[in-house]
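Worksheet for the structure shown next.
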């Protein structure tokens, strides 16, 4: 299950999607919006995606999670648009017959997502806004 | 060759609205990169700038053809 959407993300939906009788473990990662960065108060975040390419890159991650990390099933959901403090910006759920694979595949998925998937985060402050990681 | 380039994130702030139309000299990704940085020097100040052709990250030698979907990919920051 790969989704990029403006509506709130459902952890339960992701868990339900990866639940199988053959699996004895489900690992979830929920990335939420923090209220500060480098000591500055963040009001909210805005996410923008290149949807067609982001879906393709997420599918590549899902395939590798299964083929190289032993995930049985994986769900990756990413929010776009305005996301408030405390809300989930990303949800990943991974199932596997034994727990080690679901931990490893989940970590692989979030680490790779942050490096390769064309999605951009803008932090909105009281006195300005910044595209995250744009400059060295 | 006239190219329409999709812009996202900070590249929209630097270049303008998306898609951006550009008359390209040469036909490789490297040519396009050089042209864009000459015209918009602020692009050189970014941590990285990748170019995607038809939804895939492209090598510098890749030849861009008429009708290809070309996008500028500034440093990603999802998650």
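For region A:1-37, the set of residues classified as exposed (fewer than 15 other Cβ atoms within 10 Å of the Cβ), over 18 Å from residue A:84 (Cα atoms) and over 19 Å from the mean Cα position of the chain (by Cα) consists of A:20, A:21, A:22, A:24, listed by residue number. Of the set (1) under 23 Å from residue B:11 (Cα atoms); (2) without any contact (Cβ under 8 Å) to a residue 60 or more places away in the chain; (3) in contact with a helix residue (DSSP H, G or I) (Cβ under 9 Å, 6 or more places away or on another chain), all apply to residue A:108 but (1).
Looking at residue B:29, is it more than 9 Å from chain A (Cβ to nearest Cβ), within 12 Å of the chain's Cα centre (by Cα), free of Cβ contacts under 8 Å to residues at least 40 places away in the same chain and closer than 17 Å to residue A:57 by Cβ? Criteria not met by residue B:29. The combined condition, being within 12 Å of another protein chain (Cβ to nearest Cβ) and within 19 Å of residue A:53 (Cβ to Cβ), is fulfilled by residue B:53.
Just name the residue that is nearest to the other protein chains (Cβ to nearest Cβ) out of those in region B:56-72 that are part of a strand (DSSP E or B) and buried (at least 19 other Cβ atoms within 10 Å of the Cβ). Among those that are part of a strand (DSSP E or B) and buried (at least 19 other Cβ atoms within 10 Å of the Cβ), it is B:71. Against the test of being touching a strand residue (DSSP E or B) at 6+ places or on another chain (Cβ under 9 Å) and in contact (Cβ under 8 Å) with a residue 40 or more places away in the chain, the options B:51, B:5 yield a single qualifying residue, B:5.
Every number in this text was worked out from the coordinates using simple rules, so none of it is lab data. These numbers come from a predicted model, not from an experiment. A quick note on method: Cβ atoms are made from the backbone with ideal geometry, for glycine too, and the neighbour counts reach across all protein chains shown.
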